[in-house]
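Okay, so here's the structure we're looking at.
The values are calculated or read from the model by the stated rules, or taken from the named source; none is laboratory data. These numbers were taken from a predicted model, which means no experiment stands behind them. Cβ placement follows ideal geometry from the backbone for every residue including glycine, while neighbour counts extend to all protein chains displayed.
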Amino acid sequence: MKRDTILTLKLPGAGGSLEDYAVREPKSFRRPPKPFTRRALAAAHVVADPFSTREPWLEPAIDWDATIAYRRHLWSWGLGVAEAMDTAQRGMGLDWPSSLELIKKTLDAARDVPGAFVASGAGTDHLSSHKEFSVQEIISAYEAQCASIEKLGGRIILMASRALAAPVEWDGEYGLFKVSPLLEWSENEIWEYIRKKRLPYNALHDRGFPSIGCAPCTRAVQPGEDERSGRWWWERSDSRECGLHPRRQVGQKIGYTS
């Protein structure tokens, strides 16, 4: 079926020239006539409320009706929902209490949709990122989130935890060691090494950017501020990042994200 051009853009071509690129109407897709042979999950984002008067760096402004409608749309296509994941909402500023509210609303909606599948992320992101925790404390943090999700009748996806990062880890799935050589270095040690070896570094560090990300998500840090305060600066200070790989034993099978 021919799709009509709805917009033409000028994009760089070979040799530095500008060429026309036609943006066409989206393809039409048919819903599957029968269930998939495998279960596919979508880590869906929430829908922001553009008319909310809430300060987005203090509390999330969510359009709950649109958010749940989006999940119903995914279910109608035979997809399951991986809810409150570190690769989606949890990595974009949604804290644990808000994530739990999202999980509850999604589970409630799924009960009215035949065949709707939901699995929800459980992690340790309610722990402070400014202190160290024992293995038992980390396990207890996982257990607390798992219990909260199970109390709502939900299934669990065990997410990774930054608190479990190690300098050297064996990855049994891929048969290799993962090394994080700077994990135990202090900032002063890193800069001393850079200067001693005359290594190149991003010039933004000299302009008040100790932590650098994409342009919209990064600002300079003022004197006396935490070095991470310039990243995702409009969000809550306790919910700004997703996790790293968890430490696990060879042969241990757990579902997790990284």
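Filtering Tyr142, Tyr174, Tyr193, Tyr201 for residues that are free of Cβ contacts under 8 Å to residues at least 24 places away in the same chain and in contact with a helix residue (DSSP H, G or I) (Cβ under 9 Å, 6 or more places away or on another chain) leaves a single hit, Tyr201.
Residues in segment 2-29 that are out of contact with any Asp or Glu (no Cβ under 8 Å at 6 or more places or on another chain) and modelled with pLDDT of 85 or more were compared, and the one that is nearest to Ile103 (Cα to Cα) is Val23. Kindly establish whether Tyr70 is aromatic (Phe, Trp, Tyr) and either in contact with a strand residue (DSSP E or B) (Cβ under 7 Å, 6 or more places away or on another chain) or in a loop (DSSP other than H, G, I, E, B) (or both). For Tyr70, the condition - aromatic (Phe, Trp, Tyr) and either in contact with a strand residue (DSSP E or B) (Cβ under 7 Å, 6 or more places away or on another chain) or in a loop (DSSP other than H, G, I, E, B) (or both) - is not met. Given the structure, is Gly153 modelled with pLDDT of 85 or more and surrounded by 12 or more Cβ atoms within 10 Å (Cβ to Cβ)? Yes: the conditions hold for Gly153.
Out of Pro216, Pro200, Pro210, report the one residue that is surrounded by fewer than 13 Cβ atoms within 10 Å (Cβ to Cβ) and either outside any helix (DSSP H, G or I) or more than 25 Å from the chain's Cα centre (by Cα) (or both). Outline the logic, then answer.
Details: Pro216 fails: either outside any helix (DSSP H, G or I) or more than 25 Å from the chain's Cα centre (by Cα) (or both); Pro210 fails: surrounded by fewer than 13 Cβ atoms within 10 Å (Cβ to Cβ).
Of the residues listed, the single one that is surrounded by fewer than 13 Cβ atoms within 10 Å (Cβ to Cβ) and either outside any helix (DSSP H, G or I) or more than 25 Å from the chain's Cα centre (by Cα) (or both) is Pro200.
The number of residues in segment 63-86 being among the aliphatic types (A, V, I, L, M) and buried (at least 20 other Cβ atoms within 10 Å of the Cβ) comes to 4.
Can you pull out the residues in segment 9-35 that are hydroxyl-bearing (Ser, Thr, Tyr) and either surrounded by fewer than 10 Cβ atoms within 10 Å (Cβ to Cβ) or more than 30 Å from His73 (Cβ to Cβ) (or both)? Reasoning before the result, please.
The first filter runs over segment 9-35 and keeps only residues hydroxyl-bearing (Ser, Thr, Tyr), leaving 17, 21, 28.
Once the filter is applied, which keeps residues that are hydroxyl-bearing (Ser, Thr, Tyr) and either surrounded by fewer than 10 Cβ atoms within 10 Å (Cβ to Cβ) or more than 30 Å from His73 (Cβ to Cβ) (or both), segment 9-35 yields Ser17, Ser28.
The residue that is farthest from Ala165 (Cα to Cα), counting only those in segment 99-114 that are out of contact with any Gly (no Cβ under 8 Å at 6 or more places or on another chain) and in contact (Cβ under 8 Å) with a residue 40 or more places away in the chain, is Val113. Return the residues of segment 116-143 that are farther than 16 Å from Arg90 by Cβ, surrounded by 10 or more Cβ atoms within 10 Å (Cβ to Cβ) and of a type outside the set (Asp, Glu); say none if nothing qualifies. The answer is Ala116, Phe117, Phe133, Val135, Ile138, Ile139, Ser140.
Restricting attention to segment 220-236, and to residues there that are part of a loop (DSSP other than H, G, I, E, B) and among the basic types (Lys, Arg), which single residue is modelled with the highest pLDDT? I'd like the intermediate steps shown before the answer.
The first filter runs over segment 220-236 and keeps only residues part of a loop (DSSP other than H, G, I, E, B), leaving 220-230, 232-236.
Still in the running and among the basic types (Lys, Arg): 228, 236.
On the way: Arg228: 68, Arg236: 51.
For segment 220-236, the residue satisfying everything is Arg228.
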